[in-house]
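Participant: Got a structure for you, written out below as structure tokens; questions coming shortly.
The values are calculated or read from the model by the stated rules, or taken from the named source; none is laboratory data. The structure displayed is predicted, hence computed values, not measured ones. Backbone-built Cβ (ideal geometry, glycine too); neighbour counts: all protein chains shown. Ligands, DNA and RNA are stripped out before the accessible areas are found, and what is left, the full protein with its side chains, is counted by its heavy atoms. Shrake-Rupley method; radii C 1.70, N 1.55, O 1.52, S 1.80 Å.
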Amino acid sequence: MPSDEPLTAEHVLEFPGGYTRTTGPVIGRFLTELRAGRLVGVRTAEGRVLVPPLEYDPATGEPVTGEYVEVGPAGTVTACAWVPEPLDGHPLDRPFAWALIKLDGADTALVHAVDAGNPKAVAAGTRVWPVWRGERTGHITDISCFAPEVTKIVSPVRSAYTLRAGGALGVFLEGIGRGVFVGGRCGGCGKVYVPYRLSCPECGLRIAERTELPGTGTVTTFAINNLPDPRAPEVPFVSAYILLDGADVPMIALVGGVPAHEVRHGMRVRAVWVPEDERTPSMASVRWFAPTGEPDVELS
Ligand SMILES: [Zn+2]
């Protein structure tokens, strides 16, 4: 019984060795300049610059002038379409954008691929630069693609410096090396400052009296930090102002031994020191302050 299906046959039109055609003088000039790493357009009788160049001005049908003008190399995307899954024969094997690119100095746009990494990185208005192939043959693929203009860089930053503690801080850190907090008591107003300092910010007097404070205190305010810090054991970590018992100003230190979300304003804490043989005159000798378990303090 005859079928209702139409008869079909698969055909492939292919020139396995490539289809050779002549370029004509205008496109030939464009491709020859490309091989030399330059982008040129041709000027029309009306003074517009066509890129890629054409023999005739598409607007008027008039022959072009034969004056070639170097354009680009950078240009601006005027329209684009994202290709999430490249096909065989596409210029890139990863997602890219087909774009109309108006090179600087040109009045028309050419089509090329933009290797932008993600669809948000390319849009009308994006500035792009050609990425040239190492070996050029005089073909549009001498430009392997365009890439967005470089607008930011990541550069390694490292500064090494020697911090000289100075007199007052030196006294405080020397105490830390021994496992004690050294403060200074003002002879005028009686306030106790820790770390130890040489003059009273309240009354301006020179501080002569040193006093050793216990390692216990109260959290007056704190911050939960979610960015890693080489001085902290892990993230999140808590840094806090701790008012040592007997001091009138708080000092900043880490709080540990407790989940970050359980740290409270008014929580009682005690310094946890690194083992004695590891102590140095540096704040690294105080591992952190940990809760004592005493009831919270009402802070005014
Ligand atoms: Zn004072």
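Participant: Determine whether Gly37 is under 45 Å from the mean Cα position of the chain (by Cα) and either touching a residue at least 60 places away in the same chain (Cβ under 8 Å) or under 24 Å from Glu149 (Cβ atoms) (or both).
Facilitator: Numbers: under 45 Å from the mean Cα position of the chain (by Cα): yes; either touching a residue at least 60 places away in the same chain (Cβ under 8 Å) or under 24 Å from Glu149 (Cβ atoms) (or both): yes.
It is true that Gly37 is under 45 Å from the mean Cα position of the chain (by Cα) and either touching a residue at least 60 places away in the same chain (Cβ under 8 Å) or under 24 Å from Glu149 (Cβ atoms) (or both).
Participant: Within region 251-269, identify whether any single residue is without any contact (Cβ under 8 Å) to a residue 12 or more places away in the chain and within 32 Å of the chain's Cα centre (by Cα), and answer yes or no.
Facilitator: yes
Participant: What about Pro201, is it in a loop (DSSP other than H, G, I, E, B), open to solvent by 50 Å² or more (accessible area, probe 1.4 Å), farther than 16 Å from Val180 by Cβ and within 16 Å of the ligand (Cβ to nearest atom)?
Facilitator: The answer is yes for Pro201.
Participant: Tally the residues that are assigned to a loop (DSSP other than H, G, I, E, B), within 27 Å of Trp273 (Cα to Cα) and either within 16 Å of the ligand (Cβ to nearest atom) or open to solvent by 30 Å² or more (accessible area, probe 1.4 Å) (or both), restricting the search to region 157-179.
Facilitator: Within region 157-179, residues that are assigned to a loop (DSSP other than H, G, I, E, B), within 27 Å of Trp273 (Cα to Cα) and either within 16 Å of the ligand (Cβ to nearest atom) or open to solvent by 30 Å² or more (accessible area, probe 1.4 Å) (or both) number 6.
Participant: So if I check each of Val157, Val182, which one is of a type in the set (Val, Ile, Thr) and either closer than 30 Å to Val83 by Cα or out of contact with any helix residue (DSSP H, G or I) (no Cβ under 8 Å at 6 or more places or on another chain) (or both)?
Facilitator: Val157
Participant: Quick one: in region 106-137, of everything that is part of a loop (DSSP other than H, G, I, E, B) and among the hydrophobic types (A, V, I, L, M, F, W, C), which residue is surrounded by the fewest Cβ atoms within 10 Å (Cβ to Cβ)?
Facilitator: Ala124
Participant: Looking only at region 47-61, which residues are open to solvent by 60 Å² or more (accessible area, probe 1.4 Å) and not in a loop (DSSP other than H, G, I, E, B)?
Facilitator: Matches in region 47-61: Tyr56 only.
Every residue, every condition in (1) farther than 20 Å from Ala290 by Cα; (2) without any contact (Cβ under 8 Å) to a residue 24 or more places away in the chain; (3) more than 16 Å from the ligand (Cβ to nearest atom); (4) open to solvent by 50 Å² or more (accessible area, probe 1.4 Å), yes or no:
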| site | (1), (2), (3), (4) |
| --- | --- |
| Cys189 | yes, yes, no, yes |
| Tyr196 | yes, no, no, no |
| Pro214 | no, no, yes, yes |
| Ala223 | no, yes, yes, no |
| Leu244 | no, no, yes, no |
